[in-house]
Amino acid sequence: MNIVNYYEKLKQLWDELTNYDQPPTCKCEGYTCDLGSIIDKKQEEERVHTFLMWLDDTVYDTIRSNILAHDPLPNLDKVYSILIQEKRVQTMARGKEDRGEVIAFAARGRVDEKDRPMICSHCKRSGYDTNSCFALIGYPCGGVIDCALTERMEVVVGDRDPRYSMGKTKQ
């Protein structure tokens, strides 16, 4: 049961109880003891305590302690107002946390183009693209494949595959 329904239910029960249970009246001469307001104040404090004690500890424990520390204790309507305000603040704070998590997730999930590894579409190796693929543009002398291997490839491939000419022209 949420706090609004809880408050309305208790308020209704207390109003009904007040109709059946009339407070004692003063019998002294001149009505100087002000018994009625003392009883009303005591009844209001009991209602505040009853209302606060049945609230969910996990949600309202801190605010309940803060309210009970007030001297004098606020009336029931003021306590209800404080609790509703606190619930709104908690809901808004939770909404901000949820949005922050979503934004953080979106930021983590995004990959910039510069962070993606390059993959050659010809040989399917990572680290370079087709513009830098030695299989397509030829191997340099002294590079990954030495000149002796380059010359052997030229002999085997010869004029059949111009990609393996290694930048040399046949004479």
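The lone criterion from (1) in a helix (DSSP H, G or I); (2) loosely packed, with under 11 Cβ neighbours inside 10 Å left unmet by residue 24 is number (1).
Cβ-Cβ distances below 8 Å connect the following pairs, each with a first residue in region 29-48 that is in the same structural domain as residue 64 (by TED's automatic domain parsing), a second residue that is part of a helix (DSSP H, G or I) and among the hydrophobic types (A, V, I, L, M, F, W, C), and a separation of six or more residues or different chains: 44/76; 47/10; 47/14; 47/76; 48/67; 48/76; 48/79. Scanning region 27-60 for residues that are under 20 Å from residue 85 (Cα atoms) and part of a helix (DSSP H, G or I) yields 47, 48, 49, 50, 51, 52, 53, 57, 58, 59, 60.
Looking only at residues in region 1-44 that are of a type in the set (Phe, Trp, Tyr) and at pLDDT 75 or above, the one that is farthest from the chain's Cα centre (by Cα) is 20. Screening 52, 68 for residues that are out of contact with any Asp or Glu (no Cβ under 9 Å at 6 or more places or on another chain) and more than 21 Å from residue 12 (Cβ to Cβ) leaves exactly one candidate, 68.
The values are calculated or read from the model by the stated rules, or taken from the named source; none is laboratory data. Since we're looking at a predicted model, the values are computed, not measured. Glycine gets a Cβ as well: all are built from the backbone with ideal geometry, and neighbour counts include every protein chain shown.
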